[in-house]
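Only one structure is covered here, and it is reproduced in the block below.
Throughout, read-outs are computed from the coordinates displayed, never taken from laboratory work. As the structure is a prediction and not an experimental result, all values here were calculated from the model. Using ideal geometry, Cβ is built from the backbone for each residue, glycine included, and neighbour counts are taken over all protein chains shown.
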Amino acid sequence: MKISISELDKYWFYWIVQFSRDNQLSQAAKRVSATGDGQYYVYCSVALLFFHPHGQPFFNLVLGSFIVEFPLYLLLKNSIRRHRPCHALANFDSCFEPSDKFSLPSGHTAGAFLFASVVNVIFPSLAPIVFAWACFVGASRIGLGVHYPLDIIAGAGLGMGSVMLVEQLML
């Protein structure tokens with residue numbers, strides 16, 4: 001018996017979502033997801049730029065990486081046009097309404113892994129903490145019912161790959 005990637009993705013989606021159906025977990029997922037909103041990367045990067053000796057390289061790598069990541073994210077999302085599970089799955093009720101209708105890749109996860117990758121380059125001792133946070137951001141997006149697991153994996157790859165590319169170009 002063959003199982004398609006899509007069926008496996010849906011299976012893992014439902015498996016993860018079952019843990020977030022509790023109201024407290026749902027509220028926690030919303031809060032964790034919100035930490036992956038784009039403005040926080042700007043605030044942190046600008047603060048480091050002005051107040052930390054390694055702020056300039058941090059800022060440059062974040063900016064360069066988002067310049068690469070964001071157009072690729074838009075191109076992928078609008079080319080693949082995979083509908084979000086909260087809109088595509090019958091009888092699935094999400095407690096959250098996303099800002100757009102396509103899910104692949106996860107932009108929140110891409111941004112979180114991009115930011116964690118930059119922290120890994122500039123402040124490697126903090127990497128375990130920020131990568132754990134980035135994983136929680138990705139998991140929260142599944143828990144909210146707005147992404148499948150493969151969307152999260154693609155977003156993580158896009159974020160980390162953008163940093164790796166820009167880091168090579170900046171050398």
Item to complete: Could you give the C-alpha radius of gyration of the chain expressed as a fraction of 2.2 N^0.38 Å, taking N as the number of residues it contains?
Response: 1.07
Discussion item. I'd like the Karplus ³J(HN,Hα) series for region 76-84: coefficients 6.51, -1.76, 1.60, θ = phi - 60°, whole numbers in Hz, and an x wherever there's a Gly or Pro.
Written reply: 5, 4, 8, 8, 6, 6, 7, 6, 5
Fill in: Crossing angle, helix 23-34 versus the chain [Cα axis fit, 0-90 degrees, rounded to tens]
40 degrees
Discussion item. Let me check I've understood the local charge: for Phe66, count other residues with C-beta under 14 angstrom from its C-beta, Lys and Arg +1, Asp and Glu -1. What total comes out?
Written reply: -3
Worksheet item: Can you give the angle from 0 to 90° between the axis of helix 39-51 and the longest principal axis of the chain, with both taken from C-alpha atoms, to the nearest 10?
Response: 20 degrees
Fill in: Candidate lysines - alpha carbon under 27 Å from Lys77, same-chain residues fewer than 8 apart omitted
Lys10, Lys30, Lys101
Worksheet item: Working out 0.36 nm times the residue gap between Cys135 and Val46, then minus their Cα-Cα distance, what length gain in nm do you get to one decimal?
Response: 29.7 nm
Fill in: Amide proton proximity set for Phe123, modelled H, under 5 Å, gap of 5+
none
Worksheet item: Given charges of +1 on the Cβ of Lys and Arg and -1 on the Cβ of Asp and Glu, with all other atoms neutral, how large is the dipole of region 39-171 about its Cα centre, in debye to the nearest 20?
Response: 200 debye
Discussion item. Going by amide H atoms built from the backbone, whose H comes under 5 Å of the H on Asp37, apart from near neighbours?
Written reply: none
Worksheet item: If you stretched the chain out fully between Trp15 and Leu74, how much longer would it get, using 0.36 nm times the residue separation minus the C-alpha to C-alpha distance?
Response: 18.4 nm
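What does the extension gain come out to for Asp100 and Leu165, with contour length at 0.36 nm per residue minus their alpha carbon separation? The partial results should precede the final answer.
Details: separation 65, 0.36 × 65 = 23.40 nm, distance 2.75 nm.
My answer for the length gained is 20.6 nm.
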Discussion item. To test your reading of the geometry: what angle, between 0 and 90 degrees and rounded to tens, separates the Cα axis of helix 127-143 from the longest principal axis of the chain?
Written reply: 30 degrees
Worksheet item: Taking region 45-87, which trypsin sites (Lys or Arg not before Pro) meet the DSSP loop condition and have no more than 16 other C-beta atoms within 10 Å?
Response: Arg81
Item to complete: Check each of the trypsin sites (Lys or Arg not before Pro) in region 1-45 and keep only those in coil by DSSP with at most 16 other C-beta atoms within 10 angstrom; list them in order.
Response: Lys2, Arg21
